[in-house]
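Heads up: the structure comes next, in structure tokens.
Read-outs: derived from the displayed coordinates by stated rules, not from any lab. Quick caveat: nothing in here was measured; it's all calculated off a predicted structure. Here the Cβ is made from the backbone with ideal geometry for all residues, glycine too, and neighbour counts use every protein chain on show.
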Amino acid sequence: MTTPTVSVIMAAYKGAALVGETIDSVLSQTLQDFELVIVDDCSPDNTLEVLRGYTDPRITVIASPVNQGPVKTRNIAMNAARGRYLAGLDQDDICLPERLERQVGFLDAHPDVALVAAAADFLEEGLIRPGNARGPTTPALLQWRLHLHNALVWSSVMMRADVARQLDPITRPEMLFAEDFDLYHRIGRLGGIARIDEPLLHYRIHPGGVSKTYQSTMIANATRVLAEVYQPIFGTDADENARLVMLHVAEGRPVPDRKTFSRIGEIITALRGYLVEGKYDQADTVLVDRAISALWWRLVRTAIRAGKMSPRILALDRPKEARLADLKWGDILVSGMIGTVRRIA
């Protein structure tokens, strides 16, 4: 049996309504040297029947005898895969036609990269809108972002199978709903991580999505991931610093007071010193510093707009990378008026 170039990996559960469109997007790829390995996690609906309705020999359907959850189910699919590359895909997302070809070409051309993702647009109620992670990306900037939040979409990820299999397990069940975030940090110790900045995926947003339904578990486990990553940087403060970053940077919750603002500023400065200074080249340093500035003013705007802080917060000490030239004063004025109304209410 010929070894395929790519194994597309999918865990399926109660996906009968949408999984067909996802499978069709794989079958329509410009690169046809793939296999699609789908494990049905004992779905109570007719998902398994839909999957078995496909007769393409490149599709392998495995029926789990018991429900094990998405992480263990995905690991079963990855263990059954035969391809040189593993491509993640959730049962409701849509691959654009050139996705596999572009990512295989990238990995073939960059042997030092263990995992490459792609930009993704949002698909909601049949409409496509731009994703929120536009702009140029470099491996260094991705490393910076991954120290603050999950910067990659799982369904856009392709990785080298031989590198991924050095991890045991490939994804950890104890990090449920943050297992991809955890994987990026673990595989990042074995090779580079990169992103193709053109959208190669439509990421579906709908009320039944896992990220909406199980958000509290996802936040808790993503915080655990960051705390592990922060341990060599912050020591005994790793857990609390990870909690603050996850709540206010990753989740976007308003910073409640000046003390918390100051601590987040100190975290950002320490992370920059650990990751950037003396390690990144000038171009990557500029990209990170721009990202810091944009992040800081977003935190400020969100706190003012929520009524948590007055515009006097602008006088706070801030990371030196947060340039006043990047501050949108009109936005701050509007946010101040909205925040005042909310405080009065």
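General observations
- Calculated FRET efficiency for the pair Glu98/Ser262, C-beta based, R₀ 56 Å, to 0.05: 0.75
- Förster radius 41 Å - calculated FRET efficiency between Ala16 and Ala294, Cβ distance, rounded to 0.05: 0.50
- Per-residue ³J(HN,Hα) for segment 36-45, Karplus 6.51 cos²θ - 1.76 cosθ + 1.60, θ = phi - 60°, Hz, x for Gly and Pro: 10, 9, 10, 10, 8, 8, 6, 5, x, 9
- Inter-label distance for Leu327 and Glu228, nm, one decimal - labels placed 7 Å from Cα along Cα-to-Cβ: 4.0
- Estimated 222 nm signal from helices in the chain, with DSSP H stretches of n ≥ 4 weighted -39500 (n - 2.57), rounded to 500: -13000 deg cm²/dmol
- Note on Gln215 and Arg312: the extension gain reaches 31.6 nm, defined as 0.36 nm multiplied by sequence separation minus the Cα-Cα distance.
- Listed by chain and number, the aspartates and glutamates whose alpha-carbon sits under 15 Å from that of Lys279, ignoring those within fewer than 8 places in the same chain, are Asp289.
- Whichever lysines have a C-alpha closer than 23 Å to that of Lys14, once near sequence neighbours (fewer than 8 apart) are set aside: Lys72, Lys212
- Cα-based reach from Lys328 at 16 Å (exclusive), listing lysines while leaving out same-chain residues under 8 positions away: none
- Counted residue by residue at 0.36 nm each, then reduced by the alpha carbon distance between them, the extension gain from Asp197 to Glu277 reaches 26.3 nm.
- Ascending count of other beta-carbon atoms within 10 Å, so fewest first, for Ser7, Ser310: Ser310, Ser7
- You can think of it this way: the chain between Arg253 and Ala345 has 31.2 nm of extra reach, that is 0.36 nm per residue less the Cα-Cα gap.
- Theoretical FRET efficiency, 1/(1+(r/R0)^6), r = Cβ-Cβ of Ile338 and Thr3, R0 41 Å, to 0.05: 0.10
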